[in-house]
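For reference, the structure is listed below as structure tokens.
The values are calculated or read from the model by the stated rules, or taken from the named source; none is laboratory data. Just so it is clear, the model here is predicted, and its values are computed rather than measured. Quick reminder, even Gly has a Cβ in these numbers, built from the backbone with ideal geometry, and neighbours come from all protein chains shown.
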Amino acid sequence: MLLGIIIYCTVFALVYAGALVWILERKEKEYRQGSISFTDAFIVGASVVIFVYLTNIVVLMSWPRAAATAYDIVLVTALAAFGVYRETAYKARAWKTRRRLRAETRLLEWHVAKDPANAAYYERLSEVYEILGEKEKALVAARMAAKLDPAVKNTWRVKQLEEL
């Protein structure tokens, strides 16, 4: 019985901490909003493993099995609520970033219309279009930048975008 409790608590704590770290790291992959460092993820994961493991053992030893199951359901519900909260926060931040980049493209296009011989505007416009996922527009802007300023940086950028 004791071995079963230890195995259950260990597996539950590891899965729970893994899910929490996955939620925290998701923002980099899905929304490109930076990343959590390995050290931070390790500290969070280790702390959660210890907390969940110890509290699960205490609950399983102190209370009947139904209370322990309810405790685990509360933990999973809290993790799900945290995941929904973080996902909403990531989406809101991504929406704000996308809106800011759209405003920047409008401003850059206005500057390009006023000064069509400025390669720096085309370079930045190409970068912003690439971030927004508009590869064709990014390539057109990069080609214009390379045409106006045939520096290595600009020609390399055109080649890089053509490979995508």
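Of all residues in the range 113-164, which are acidic (Asp, Glu) and surrounded by fewer than 16 Cβ atoms within 10 Å (Cβ to Cβ)? Full working, then the answer.
Step one: filter the range 113-164 for residues acidic (Asp, Glu), giving 115, 123, 127, 130, 134, 136, 149, 162-163.
Answer for the range 113-164, where residues must be acidic (Asp, Glu) and surrounded by fewer than 16 Cβ atoms within 10 Å (Cβ to Cβ): Asp115, Glu134, Glu136, Glu162, Glu163.
If I ask for residues that are within 15 Å of Leu161 (Cα to Cα) and touching a residue at least 12 places away in the same chain (Cβ under 8 Å), which ones from the range 109-136 would you list? Walk me through how you get there before you give the answer.
In the first step, residues of the range 109-136 are kept if they are within 15 Å of Leu161 (Cα to Cα); the result is 122-136.
Across the range 109-136, the qualifying residues are Tyr122, Glu123, Arg124, Leu125, Ser126, Val128, Tyr129, Glu130, Ile131, Leu132, Lys135.
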Practice prompt. Output yes when any residue across the range 82-97 is assigned to a helix (DSSP H, G or I), over 23 Å from Glu25 (Cα atoms) and within 31 Å of the chain's Cα centre (by Cα), and no when none is.
Written response: no
Practice prompt. Determine if the range 65-87 includes at least one residue that is surrounded by 12 or more Cβ atoms within 10 Å (Cβ to Cβ), of a type in the set (S, T, N, Q) and at pLDDT 90 or above.
Written response: no
